[in-house]
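Read the structure below first, then the notes.
The values are calculated or read from the model by the stated rules, or taken from the named source; none is laboratory data. From a predicted model like this one, the values you see are computed outputs, not experimental measurements. For neighbour counting, all protein chains shown are included, and Cβ atoms are generated from backbone atoms with ideal geometry for every residue, glycine included.
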Amino acid sequence: DAGVIQSPRHEVTEMGQEVTLRCKPISGHNSLFWYRQTMMRGLELLIYFNNNVPIDDSGMPEDRFSAKMPNASFSTLKIQPSEPRDSAVYFCAGRGGNHNEQFFGPGTRLTVL
Amino acid sequence: GQNIDQPTEMTATEGAIVQINCTYQTSGFNGLFWYQQHAGEAPTFLSYNVLDGLEEKGRFSSFLSRSKGYSYLLLKELQMKDSASYLCAVRGQTGANNLFFGTGTRLTVIP
C-alpha cells in the first residue's frame, strides 16, 4: 500500500493566486481529514469527510477555503484567493487501523508570497 | 471547548528515560492517541489508550488516567532518532471521527 498520497509536495505562489491541494487516501479508509500545521497554532483540523460527505467544516478559516471529495479515492482543498497568512503545511489524513487511528499523508508545504 | 496541554520542549540524554505529559479537558472522551512527528515529516501513530492504565509497546509506553484527564508517554533507552515532536490527541465522543491535537512537545535527545 502506497499510503496517503498528497500533491504537490511543495507549492510557492503569489498572493491572490488560486491554490489546489490534492489527496488520495488509503483504499478502504472512509473518513478523510484536512489539517493545517503552523509553528504558532500547531495542527488544526480544517474539515473532515465521512463516506465522501463533509461532516464538519467549522475549522475552515473563511470563504476563501473550500474542499471537495467527489469520490472515495480523491479530495481537494482549494484556496482562492491565497494570502501570505495561508502559508503552512497542509496534511491530509484517513482513518483506519485497529484503533481507528489516523494515517497522515506527507503534507504539502505552501508558501504564499 | 477542547483544551489539551503539553510541555513545549524537553531535552534528555541518549540512553535515558523521558516522560512527556499531556493533560486534557474535552467535552466527552473516547480515546487518547500519541503521535510522533520528525521535522519536515508527517505525524505517525504511536499509541492508543481508552481505558485507565499502561499500554506498553517496545521502548514506548503510554499511560492514561481518565479521572484526572491525564496521560503520559514514556520513552525508554532513548536513541538519537527519538528526537522529534510528540503530539497528544483526544477523540472527544463515541463514534466521533475527529481528533483534537495538542501543540506537541519537541524532544531533543543529546549524546
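Quick look at the values:
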{"item": "A:F65 at negative phi, within 13 Å of chain B (Cβ to nearest Cβ) and among the aromatic types (F, W, Y)", "result": "no"}
{"item": "Within region A:33-46, tally of residues that are modelled with pLDDT of 95 or more and touching a Ser or Thr at 6+ places or on another chain (Cβ under 8 Å)", "result": "1"}
{"item": "Boolean, B:F63 is of a type outside the set (A, V, I, L, M), within 14 Å of another protein chain (Cβ to nearest Cβ) and under 13 Å from the mean Cα position of the chain (by Cα)", "result": "no"}
{"item": "Matching entry among A:S27, A:S31, A:S58 (being among the polar types (S, T, N, Q), surrounded by 15 or more Cβ atoms within 10 Å (Cβ to Cβ) and on the phi < 0 side of the Ramachandran plot)", "result": "A:S31"}
{"item": "Residue satisfying all of: in region A:14-46; over 21 Å from A:N71 (Cβ atoms) and of a type in the set (A, V, I, L, M, F, W, C); farthest from the other protein chains (Cβ to nearest Cβ) among these", "result": "A:M15"}
{"item": "Strands (runs of 3 or more DSSP E) contained in chain B and holding at least 2 residues buried (at least 20 other Cβ atoms within 10 Å of the Cβ) and of a type in the set (G, A, S)", "result": "B:84-91"}
{"item": "Residue in region A:47-55 that is away from chain B (no Cβ under 11 Å), crowded, with 16+ Cβ neighbours inside 10 Å and among the hydrophobic types (A, V, I, L, M, F, W, C) present", "result": "no"}
{"item": "Residue selected from region A:40-79 under the condition free of Cβ contacts under 8 Å to residues at least 12 places away in the same chain and in a loop (DSSP other than H, G, I, E, B), by the criterion farthest from the chain's Cα centre (by Cα)", "result": "A:M40"}
{"item": "Every residue from region A:80-113 that is surrounded by fewer than 22 Cβ atoms within 10 Å (Cβ to Cβ), touching a residue at least 60 places away in the same chain (Cβ under 8 Å), in a loop (DSSP other than H, G, I, E, B) and more than 11 Å from chain B (Cβ to nearest Cβ)", "result": "A:Q80, A:P81, A:E83, A:L113"}
{"item": "Index of the failed condition, A:Q6 passing every other in (1) within 14 Å of chain B (Cβ to nearest Cβ); (2) out of contact with any Cys (no Cβ under 6 Å at 6 or more places or on another chain)", "result": "(2)"}
